[in-house]
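Student: Let me begin by handing over the structure; questions about it come next.
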Amino acid sequence: MSVVKAAREWRLIPFGAYSPSLNMAIDEAIFKLMAGNKLPPTLRLYSWNPPALSIGYFQNTESPLIKEYLKRGYPLVRRPTGGLAVLHKDEMSYSMVGTFARDGFPVSRQEAYKKAHESIRKALNDLGFEVNLYEGKEFGYKGDLCSSSWIAYDIILRGKDKIGGSAQRTNGAVLLQHGSISLPEELNRGCLREKVMENFEKIFQVKLKQQELADVELSLAKKLVKEKYEKWEWNYKGGRFLFLGRD
Amino acid sequence: MYPKELKYTKTHEWVGGSGGFIKVGITSYAAEELSDIVYVGLPSEGGKVEKGSSFATLESVKAVSDVYSPVSGEIHEVNHGLQEHPELLNKDPYGEGWIISVIPVGKGELNDLMNAEEYEKFVEEEKGK
């Protein structure tokens, strides 16, 4: 007799297009409350309304390139995660939060990066796009844009354009990873969403169960919007603000 | 493998020192796990740290990680050199890669930390997970 192990359940937050500050606040709220509230690993697919520029935790807003985007009228938000600037326009974002090695969640940051990108690569392949994961090993930031800095497992279209990358934050054994996929021309966001969910389930060997944010997450997110992600000090000064007001 | 004169936390920080000041840094295991550290967010001198709460942030390969204080107290000195040379955390974590020195408020806070031998065992268990 063979025993089929039931797939572990992860939570899937329903898709929504939110403001830059709310998007970052929701991701941080899920991350902050993960450990204490015994929540299952959580996947969230979302987009940005209005389109916006997100920058890494340590990035300097004085860079000419970031200033150029601001001049063009894009709102700016600083992420709680590392990495470089991403323009969230004609793209789809995702976030995943969980505790390492629990409920089917990856055991390391590297595994999380690879598996999430593998799911997205497979989704894009299924939709007929020639996409692969970058196999280079070197690491070093090149310029200010995420799309110009390639690291291992980044998502590459037709061998020449980086269209997907992610950034991470850890708090002990809890990981927040979020990333952005630029939509190749003629690709509908809805189709990609369906395929990404399907491939996340296959690659992580889990079952996604749609569920709204808990009240406690939503109220923390609202607080973070007000006290952090809409604050000039956080968005433009970052770390320095952190140690004045605590994170 | 880990310096015997230091004590260690489960979140992979080390503490050591005497004469009323305690130096804090991250262990060689933590530095290896993080790989190349490219940015360091440091607190201010004179600020307070609380045992178990984050006092610094590090960025490596797109990940931001927190460093937790093993003791409560006042920050006496900050290793500002790390801002220019974050690689010291990888190259010399127990020497030039120290992060802050603290004047602890209470006594006995170090008692619940691990010694080098216990920490080595702890790391082996972590690796096996």
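Here, each number is a calculation from the coordinates, and none is a lab measurement. In this text the structure is predicted, and so the values were computed from the model without any measurement. Methodologically, a virtual Cβ is constructed for each residue, glycine included, from the backbone with ideal geometry; neighbour enumeration extends over all protein chains shown.
Student: Taking only complete DSSP H runs, can you tell me which helices of chain A stretch 15 Å or more along their own long axis by Cα positions and average at least 0.0 on the Kyte-Doolittle scale?
Tutor: A:20-37
Student: What is the magnitude of the charge dipole of region B:1-85 about its Cα centre, with +1 placed on the Cβ of each Lys and Arg, -1 on the Cβ of each Asp and Glu, and no other charges, expressed in debye to the nearest 20? Spell out each step's value before the answer.
Tutor: Values: 7 positive and 12 negative charges, 64 e Å.
For this selection, approximately 300 debye.
Student: For the protein assembly as shown, list log₁₀ I(q)/I(0) at each q in 0.11 Å⁻¹, using the Debye formula over Cα point scatterers of equal strength and ignoring solvent, two decimals each.
Tutor: Log10 of I(q)/I(0), two decimals: -0.79.
Student: With a cut-off of 8 Å between alpha carbons and a minimum separation of six or more residues, what is the relative contact order of region A:58-156 in percent? Could the numbers behind the result be given before it?
Tutor: Details: 78 pairs, mean separation 25.4, N = 99.
Taking the mean separation of contacting Cα pairs over the length of region A:58-156, I get 26 percent.
Student: What shape does chain B take by its C-alpha gyration tensor, where a ≥ b ≥ c are the square roots of the eigenvalues and a/c under 1.5 counts as rounded, a/b above b/c as prolate, and the rest as oblate? Don't skip to the answer; put the middle values down first.
Tutor: Details: a/c = 1.62, a/b = 1.04, b/c = 1.56.
Judged from the Cα gyration tensor, chain B comes out oblate (a/c at least 1.5, b/c at or above a/b).
Student: Let me ask something else. According to the square roots a ≥ b ≥ c of the eigenvalues of the Cα gyration tensor, what is the shape class of region B:1-68, taking rounded for a/c under 1.5, prolate for a/b larger than b/c otherwise, and oblate for the remainder? Mind showing how you got there, number by number?
Tutor: Details: a/c = 2.12, a/b = 1.19, b/c = 1.78.
Note, shape of region B:1-68 comes out oblate.
Student: Which order results if A:Ile13, B:Ile100 are arranged by neighbouring Cβ count within 10 Å, fewest first?
Tutor: Values: A:Ile13 21, B:Ile100 25.
Ascending number of Cβ neighbours within 10 Å: A:Ile13, B:Ile100.
Student: Given the -39500 (n - 2.57) contribution per DSSP H run of 4+ residues, what per-residue ellipticity at 222 nm results for the protein assembly as shown, rounded to the nearest 500 deg cm²/dmol? Walk me through the numbers before you get to the answer.
Tutor: Values: 10 runs with 105 residues, N = 376.
It comes out at -8500 deg cm²/dmol, rounded to the nearest 500.
Student: Within region A:22-74, which trypsin sites (Lys or Arg not before Pro) sit in a loop by DSSP and count at most 14 neighbouring Cβ atoms inside 10 Å?
Tutor: The qualifying sites are A:Lys38, A:Arg72.
Student: Now for a separate question. Under the definition of partner shielding as Cβ atoms of other protein chains within 10 Å of a residue Cβ, what is the mean value for peptide A:102-110? It would help to have the intermediate numbers written out before the result.
Tutor: Values: counts 0, 0, 0, 0, 0, 1, 2, 8, 4.
Taking all residues of A:102-110 together, the mean is 2.
Student: Which value, in debye to the nearest 20, describes the size of the charge dipole of the protein assembly as shown about its Cα centre when Lys and Arg Cβ atoms bear +1, Asp and Glu Cβ atoms bear -1, and nothing else is charged? Mind dumping the intermediate values first?
Tutor: On the way: 50 positive and 52 negative charges, 214 e Å.
Using Cβ point charges on Lys, Arg, Asp and Glu, the protein assembly as shown gives about 1020 debye.
Student: Mind listing the long-range amide H neighbours of A:Lys207? Cut-off is under 5 Å, sequence gap 5 or more, other chains count too, H placed in the peptide plane at 1.01 Å from N.
Tutor: A:Arg8, A:Glu9, A:Trp10
Student: Ok, one more. Name the long-range amide H neighbours of B:Tyr39: under 5 Å, sequence gap of 5 or more, or other chain; modelled H, no Pro or chain starts.
Tutor: B:Glu59
Student: At most 13 other Cβ atoms within 10 Å and a DSSP loop assignment: could you name the trypsin sites (Lys or Arg not before Pro) in region A:115-190 that fit? It would help to have the intermediate numbers written out before the result.
Tutor: On the way: sites: A:Lys115, A:Arg121, A:Lys122, A:Lys137, A:Lys142, A:Arg158, A:Lys160, A:Lys162, A:Arg169, A:Arg189; in loops: A:Lys137, A:Lys142, A:Arg158, A:Lys160.
Of the trypsin sites (Lys or Arg not before Pro), the ones in loops of region A:115-190 whose Cβ has at most 13 other Cβ atoms within 10 Å are A:Lys137, A:Lys142, A:Arg158, A:Lys160.
Student: While we're looking at this one, here's another question. Peptide B:34-41: average number of partner chain Cβ atoms within 10 Å per residue?
Tutor: Details: counts 2, 3, 3, 0, 5, 7, 2, 8.
Across the residues of B:34-41, the mean count of other-chain Cβ atoms within 10 Å is 4.
Student: For a quick check of your reading of the filter: which GluC sites (Glu not before Pro) in region A:128-224 sit in a DSSP loop and have no more than 10 other Cβ atoms within 10 Å? It would help to have the intermediate numbers written out before the result.
Tutor: Working: sites: A:Glu130, A:Glu135, A:Glu138, A:Glu185, A:Glu186, A:Glu194, A:Glu198, A:Glu201, A:Glu212, A:Glu217; in loops: A:Glu130, A:Glu135, A:Glu138, A:Glu185, A:Glu186, A:Glu212.
Here the sparse-neighbourhood loop sites are A:Glu135, A:Glu138, A:Glu185, A:Glu186, A:Glu212.
Student: Another question, then. Across the residues of B:62-72, average count of Cβ atoms on other protein chains within 10 Å?
Tutor: Working: counts 21, 16, 15, 8, 5, 0, 2, 0, 0, 0, 0.
Average neighbour count from other chains, rounded to a whole number: 6.
Student: Most exposed first by the Cβ proxy, i.e. fewest other Cβ within 10 Å, how do A:Met92, A:Met24, A:Met197, B:Met1 rank? It would help to have the intermediate numbers written out before the result.
Tutor: On the way: A:Met92 23, A:Met24 27, A:Met197 19, B:Met1 10.
Fewest-to-most ranking of A:Met92, A:Met24, A:Met197, B:Met1: B:Met1, A:Met197, A:Met92, A:Met24.
Student: Take A:Val97, B:Val38 and order them by how many other Cβ atoms sit within 10 Å, fewest up front. Mind showing how you got there, number by number?
Tutor: Working: A:Val97 28, B:Val38 18.
Ascending number of Cβ neighbours within 10 Å: B:Val38, A:Val97.
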